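The structure appears right after this line, and notes come after that.
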Amino acid sequence: MNISFIILAGGESKRFNSKTPKPYHLYKGKPLLMHSIDRVKSYKKFKKIVIVVHKNHTKFIKKLKIPNIKIIKGGRTRAESAFKGLNSLKNSNTKYVMIHDAARPNFSLKLLNKLKKEIQFNNCVVPAIQTADSVKQKIKGKVKNLKRENIFFMQTPQAFNYNELFKLQKNKSLEVTDDANLFVEAGKKIKIIKGELENKKITINSDIKSNVSIKYGLGFDVHRLVPNKKLYLGGIKIPSKIGTLGHSDGDPVLHAVIDAVLGACGMGDIGKKFSDKSKKFENIRSTILLDKVIDQIRLKGFIINNLDINIITEKPKIQKYNKKIANCISRICKILPSQINIKGKTTEKLGVIGKEKAIACEVIASVIKND
Ligand code: ZN
């Protein structure tokens, strides 16, 4: 089934009072737009995924470094952006397409399944929810009762037969708030399916701040420095004549990160998860250990909000490796490098660290429960 997915993130975010445009604003620990992208990618049924962005927001989208996704610049109106998205799929034999508004980060894979099933029998399928409130309409000062059974609140993603929508969308001068409207205006049939209450639109800043519980954790680790050993710090191999002694690769930075993250999630500590008595973990790279921990915390609905890292060592000077380490940790933790702060500290040549006999690291992590 040749089906593609278009995410519209081309709005100007006028109602959104922030320097960072809405799609790139952090929501539950990651940019709003990334929620839709990650979910759509995890579905694995879409042939092509296209994101339509505002022409002034390219520096924000570049920072997200999203692989295997087509990014195009939008138009002045939503309709024009949707048209550009559809047009970009013109030569790809697309039979069906879903169009989605990036401001709705909370749709489910189940909803995608329902849409995919129904679009095989209909040209336009739209999820919608109904209200329990009574509904009235005011016309020329007179208030009229409306039957709430007949009132539907439209959501996205909406699914379409590509050619049918493309024909209607060519009249792009029309200002439409959602693509199904084109079918309604043209007097064509649309199929309404049950939407999801959680699939709400984020419109103002307060939507983003609500329902977030933040937790904090602290991690600390120290490793002895000895000759003829490799030195790994924050997942990066550092050229050095001396390296750390340890059961694994002895990376004190990743060990402290793991402990801080586990602590924040209330999930124990590194020693419990990866015993230094176990042969399995002998000489293992700590990047693998952190990767396992991230999988485990994500399964429980946690995501990392930020990491603040102090690497305490006389040598090497950490500043030179800051960026590399942040990139490595961000990739494993599935967060942006900008959510990680790394500081290099010395102990002014005092004590075992000052004498280059050990390297220590301390980390504070904050995590968000994604519910
Ligand atoms: Zn350690």
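The values are calculated or read from the model by the stated rules, or taken from the named source; none is laboratory data. Fair warning: this is a prediction, and the values are worked out from it, not measured in the lab. Cβ coordinates were reconstructed from backbone atoms using ideal geometry, including for glycine residues, and neighbour counts include every protein chain displayed.
Taking the condition assigned to a strand (DSSP E or B), out of contact with any helix residue (DSSP H, G or I) (no Cβ under 8 Å at 6 or more places or on another chain) and away from the ligand (no atom under 13 Å from the Cβ), does LYS280 pass?
Spelling it out, it is not the case that LYS280 is assigned to a strand (DSSP E or B), out of contact with any helix residue (DSSP H, G or I) (no Cβ under 8 Å at 6 or more places or on another chain) and away from the ligand (no atom under 13 Å from the Cβ).
Scan ILE332, ILE309 and give me the residue that is of a type in the set (Val, Ile, Thr), part of a strand (DSSP E or B) and either under 20 Å from GLY219 (Cβ atoms) or in contact with a Gly (Cβ under 6 Å, 6 or more places away or on another chain) (or both).
Just one listed residue meets the conditions, ILE309.
Would you be able to say whether some residue in segment 114-121 is touching a residue at least 24 places away in the same chain (Cβ under 8 Å), touching an Asp or Glu at 6+ places or on another chain (Cβ under 9 Å) and surrounded by 13 or more Cβ atoms within 10 Å (Cβ to Cβ)?
Checked segment 114-121: no residue is touching a residue at least 24 places away in the same chain (Cβ under 8 Å), touching an Asp or Glu at 6+ places or on another chain (Cβ under 9 Å) and surrounded by 13 or more Cβ atoms within 10 Å (Cβ to Cβ).
For segment 340-351, how many residues are in contact (Cβ under 8 Å) with a residue 60 or more places away in the chain and surrounded by fewer than 20 Cβ atoms within 10 Å (Cβ to Cβ)?
Number satisfying all stated conditions: 0.
So GLY268 passes all but one of these: (1) surrounded by fewer than 21 Cβ atoms within 10 Å (Cβ to Cβ); (2) away from the ligand (no atom under 16 Å from the Cβ). Which condition number does it fail?
(2)
The rows are residues; the columns are (1) touching a strand residue (DSSP E or B) at 6+ places or on another chain (Cβ under 7 Å); (2) among the aliphatic types (A, V, I, L, M); (3) at pLDDT 95 or above; (4) assigned by TED's automatic domain parsing to the domain that holds GLY219.
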| position | (1), (2), (3), (4) |
| --- | --- |
| ALA264 | yes, yes, yes, yes |
| LEU290 | no, yes, yes, yes |
| VAL293 | no, yes, yes, yes |
| LYS300 | no, no, no, yes |
| LYS334 | no, no, no, yes |
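Residue under question is LYS59, and the condition is that it be over 14 Å from the mean Cα position of the chain (by Cα), in a loop (DSSP other than H, G, I, E, B) and farther than 19 Å from ILE303 by Cβ; does it hold?
Judged against the criteria, LYS59 is not a match.
Please state which of the following conditions VAL257 fails to meet, knowing it meets all the rest: (1) surrounded by 24 or more Cβ atoms within 10 Å (Cβ to Cβ); (2) farther than 21 Å from ASN310 by Cβ.
All conditions pass for VAL257, except number (2).
Has segment 205-225 got any residue that is at pLDDT 85 or above, in a loop (DSSP other than H, G, I, E, B) and more than 16 Å from the ligand (Cβ to nearest atom)?
no
With respect to ASN327, is the statement that it is under 28 Å from the mean Cα position of the chain (by Cα) and either away from the ligand (no atom under 13 Å from the Cβ) or modelled with pLDDT under 95 (or both) true?
Judged against the criteria, ASN327 is a match.
In segment 77-94, what count of residues is obtained for those that are assigned to a loop (DSSP other than H, G, I, E, B) and either more than 13 Å from ASP179 (Cα to Cα) or in contact with a Lys or Arg (Cβ under 7 Å, 6 or more places away or on another chain) (or both)?
7
Given the options ALA128, ALA159, name the one that is of a type in the set (Gly, Ala, Ser), surrounded by fewer than 18 Cβ atoms within 10 Å (Cβ to Cβ), in contact (Cβ under 8 Å) with a residue 24 or more places away in the chain and not in a loop (DSSP other than H, G, I, E, B).
Of ALA128, ALA159, the one residue that is of a type in the set (Gly, Ala, Ser), surrounded by fewer than 18 Cβ atoms within 10 Å (Cβ to Cβ), in contact (Cβ under 8 Å) with a residue 24 or more places away in the chain and not in a loop (DSSP other than H, G, I, E, B) is ALA128.
Where the second residue is outside any loop (DSSP other than H, G, I, E, B) and aromatic (Phe, Trp, Tyr) and the first is without any contact (Cβ under 8 Å) to a residue 60 or more places away in the chain and within 8 Å of the ligand (Cβ to nearest atom) and lies in segment 232-258, which pairs have Cβ atoms under 6 Å and are six or more apart or on separate chains?
Listed by first residue and then by second, the contacts come to SER248/PHE281; ASP251/TYR232.
Between THR94, THR77, THR58, which is touching a residue at least 12 places away in the same chain (Cβ under 8 Å), among the hydroxyl-bearing types (Ser, Thr, Tyr) and surrounded by fewer than 16 Cβ atoms within 10 Å (Cβ to Cβ)?
THR58
Of all residues in segment 283-304, which are surrounded by fewer than 12 Cβ atoms within 10 Å (Cβ to Cβ) and within 14 Å of the ligand (Cβ to nearest atom)?
ASN283
Give me the residue from segment 224-242 that is buried (at least 22 other Cβ atoms within 10 Å of the Cβ) and more than 28 Å from the chain's Cα centre (by Cα) and, out of that set, nearest to LYS369 (Cα to Cα).
TYR232
Looking at segment 336-371 only, could you name the residues that are under 38 Å from the mean Cα position of the chain (by Cα) and part of a helix (DSSP H, G or I)?
Within segment 336-371, PRO337, SER338, GLN339 meet the criteria.
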